[in-house]
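Please treat every number below as a calculation from the coordinates, not as lab data. These numbers were taken from a predicted model, which means no experiment stands behind them. A quick note on method: Cβ atoms are made from the backbone with ideal geometry, for glycine too, and the neighbour counts reach across all protein chains shown.
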Amino acid sequence: MKSASGAQKKRAEALRKELNTHNHQYHVLDDPKISDAQYDALFRELQELEEKYPALKSADSPTQRVGAPPLQNFATVAHSVPMLSLANAFSEEDMQAWEKRIADRIDLSESDTLEFAAEPKLDGLAVSLRYEDGVFVQGATRGDGSQGEDITLNLRTLSALPLTLQVSGGKSAGLPKELIVRGEVFMEKAAFTALNNAQRKSGNKEFANPRNAAAGSLRLLDSSITASRQLSLYVYALGDVSQGFKVPATQQSMLEWLAKIGFPVCSETKVCANLSACFDYYNDIQSRRSALPYEIDGVVFKVNERSRQQLLGQVSRAPRWAIAYKFPAEESVTHLIEVEFQVGRTGALTPVARLEPVSVGGVTVSNATLHNLDEITRKDIRVNDKVIIRRAGDVIPEVVRVVLDDRKQAGTPRRRKIKLPETCPVCGSPVEHSAEEAVARCTAGRGCPAQHKEYVKHFASRRAMDIDGLGDKLVEQLMDAGLVKRVDDLFALRIEEIAELPRMGVKSATNLVASIEASKSTTFARFIFALGIREVGETSAENLAGAFRTVEQLEAADVAALEAINDIGPIVANNIIAYFADSNNVDTMRALLSAGVHWVEPDATSTTQSQSLDGTSYVLTGTLSSMTRDEAKRLLSDKGARVVSSVSAKTTGLIAGDAPGSKLAKAENLGVPVLDEAQLQLLLKS
Ligand code: JCF
């Protein structure tokens, strides 16, 4: 075999260095400097060189991230500095007690303050990473804290893990000879969903949660499978560091140093000046929990000064200087008492689990959605099962899975399979379950009281007629009392009759009548959306309102005319025809118009003037502070812009609010301009 020339050796080294830098730009800094294609070309060049001259291969080569031949078993790694776990706090009182224990031990003088470093507590797998002369040489799991498993080959496949560390200004002068860094390997929510979809399609076992998916992926003997999983990493602590190396004095400056030499560090870390600032941080993170791209189960607080950490030391396996302030659990176990079917606006039957009440994420839950029958079958859920309930953020609680082991327990109640009812549980009409659809439906249409009630709720809702103060509960009360039999009855309601309802009074009744009156002045698009035609959502309603100027024109349209409209296909076109073919619908619509529902016909001059964003397309990501994303979408559409959901090279701009998702990286990658909220405001004023 030929050996590589000096020039080839140099080239391989240069390629490795360049690829490692771009990898860091992309996966750690979220700031790619070259295109994917350029990266691939460099990667292939290195791969070819290494294949031709295997002697050029090195353990820190980016080509080694693709995985190595499978292992028989993992070797054991001894942690010379033990990997600690964390004590937990569950309340502000627990936190106050923790602070007091610290203050008692370090003798704070009057003027002394106790600073804390805060970071989200990631729900993943703790790892220890060893670097020698700036090169990654070994990685291990926590194991029991003093001994873990050698998972070096698996860790090498993580794109965010630096294979070589960066030092500005030459050689490894700025680095300790030996450096052990600790952190958490985790899977982002989006990667987890994608993985489970792929597992389902290929008939493989799905993972219960991102934590299990991350742990399962890291503990595979075949690292080429690990390479195919999208695992992320954040580092947060040090293990051994060579004698004599000066480690930064605080937790926060240590994290900054780790980031500087190439490690991924969570961008949410922050210094809190006192305990009250810690509580603010905790509350802020908790409120943004569901919008974060990864799962967290609390906040880790650490005494910021490392000298004080040393002074405090540890008890058994947990440091005195750190604590995990946990969020209330989002998952709980309870007993599934019964399954009932709820009838929605379109007649869809949704199975709902009646549960023994249980606290989930700090809220008592006694109902949870089971989505549809396919989901029930897939998860094999039966009445009397022990089930795991999940309530993430503000979403409706759902049944995640069955505790299967409980079925084997003697003395537990008999399980019963869940069957779809043959008739509607509300009106008794036949239920239809077509082969193409996951959902089963009541066939009675608005003749079914349940469907009708849901329709009135839709009519009053914010995106439809926007009747302020008329929520779901009040609609139920009005309909149960017989005051509203059809939507147009809303416009004939009198203050006295509303005031009679439970929990209402003259004042709230007066307000309600005023907002019903105010809702009469609407837009054609909202009116069309409020009619509740099957599958005519807000966007279709807007397109229809733009294409037809009056109700009469819309009513008279045939399938061809409807299908000519942007985003209206044959199914929706037929739904519209069917809607106007039903005389009940037409009567109701006429009654609404006679009751005074109206809108201003857009005139030709104002449209041309306001369509300044015609022909542009925007994507929204993250949280805006001055308006909701829906409002931003409407304001942009009003100016003629198209608001789409994913970034492509053709996108005019990405509008990024707080905590933007992966769309930001994609936009930057494609060179799509990124606008912040202030720039959005300017755009809307233009
Ligand atoms: O995010 C975590 N799961 C996490 C775990 C963060 C930390 O800063 C930790 C930790 C476990 C031990 N720090 C220590 C000392």
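Brief remarks follow.
- Each of H335, V426, A556 was scored by the projection of its Cα onto the charge dipole of the chain, and the greatest displacement toward the positive side belongs to H335; charges sit on the C-beta of Lys, Arg, Asp and Glu.
- The Cα atoms of the stretch 1-107 cover 68, 38, 28 Å along the three principal axes, with the biggest extent listed first.
- Euclidean distance between Cα centres, the stretch 247-311 to the stretch 379-446, Å: 42
- Direction-averaged projected area, Cα convex hull, the stretch 536-686: 10.9 nm², rounded to one decimal.
- By the count of neighbouring beta-carbon atoms within 10 Å, fewest first, M465, M254 end up ordered M254, M465.
- Lys, Arg +1 and Asp, Glu -1 on Cβ, resulting dipole of the stretch 248-383 about Cα centre, debye, nearest 20: 560
- Pairs beyond 32 Å (Cα-Cα), from K507/K633; K260/K650; K201/K453; K189/K520; K520/K633: K507/K633; K260/K650; K201/K453; K189/K520
- Cα centroid separation, the stretch 144-206 to the stretch 549-567 (Å): 56
- Karplus-based coupling profile of the stretch 508-525, in residue order and whole Hz: 5, 5, 4, 4, 5, 4, 5, 6, 5, 4, 5, 5, 4, 8, 9, 10, 4, 5, with θ = phi - 60° in 6.51 cos²θ - 1.76 cosθ + 1.60 and x standing for Gly or Pro.
- Computed [θ] at 222 nm, helices only, for the chain once each DSSP H run of length n ≥ 4 contributes -39500 (n - 2.57): -10500 deg cm²/dmol
- Rounded to the nearest 10 degrees, the angle from helix 583-594 to the longest Cα principal axis of the chain is 90 degrees.
- For the peptides 480-491, 27-38, the ranking by mean Cβ contacts within 10 Å, running from highest to lowest, is 480-491, 27-38.
- Expressed as a fraction of 2.2 N^0.38 Å, the value expected for a compact globular protein of N residues, the C-alpha radius of gyration of the stretch 131-171 is 1.37.
- Counting beta carbons within 10 Å around each of W321, W257 and listing the fewest first gives the order W257, W321.
- When the Cα positions of L163, A667, S508 are compared along the charge dipole of the chain, L163 comes out farthest toward the positive end, with charges on each C-beta of Lys, Arg, Asp and Glu.
- Over the chain - Rg/Rh using Cα atoms and the Kirkwood inverse-distance radius: 1.02
- Principal-axis tilt of helix 275-287 within the chain, Cα atoms, nearest 10 degrees: 50
- Computed across the stretch 412-532, the Kirkwood radius stands at 16.4 Å (inverse of mean 1/r, all Cα pairs).
- Among the listed pairs K33/K663; K121/K302; K121/K246; K457/K485, those beyond 19 Å (Cα-Cα): K121/K246
- Based on the convex hull around the alpha carbon atoms, the stretch 209-252 presents an average projected area of 5.1 nm².
- Between 0 and 90°, nearest 10: helix 36-52 axis offset from the chain longest Cα axis: 40
- Amide H contacts of L233 (H built 1.01 Å from N, under 5 Å, at least 5 apart or other chain): F186
- A crude spin-label estimate for the pair R317 and T113, with each label 7 Å from Cα along the Cβ direction, gives 3.6 nm.
- Overall form of the stretch 277-411: prolate. Here a/c, set by the Cα gyration tensor axes a ≥ b ≥ c, is 1.5 or more, and a/b is the larger of a/b and b/c.
- Gyration tensor verdict on the stretch 381-468 (Cα atoms; rounded if a/c is under 1.5, prolate if a/b is larger than b/c, oblate otherwise): oblate
- Once you reduce the stretch 635-674 and the stretch 464-503 to the center of their Cα atoms, the two points are 41 Å from each other.
- The lysines whose alpha-carbon is closer than 19 Å to the alpha-carbon of K417, local same-chain residues fewer than 8 away aside, are K379, K386, K408.
- Within the stretch 110-269, the ratio Rg/Rh, alpha carbon atoms throughout and Rh by Kirkwood, equals 1.02.
- The charge dipole of the chain, taken about its Cα centre with unit charges on the Cβ of Lys, Arg, Asp and Glu (plus for the first two, minus for the last two), comes to roughly 1920 debye.
- Fewest neighbouring Cβ atoms within 10 Å first, the residues R101, R414 line up as R414, R101.
- Over the stretch 164-230, the reciprocal of the mean inverse Cα-Cα separation, the Kirkwood hydrodynamic radius, stands at 14.4 Å.
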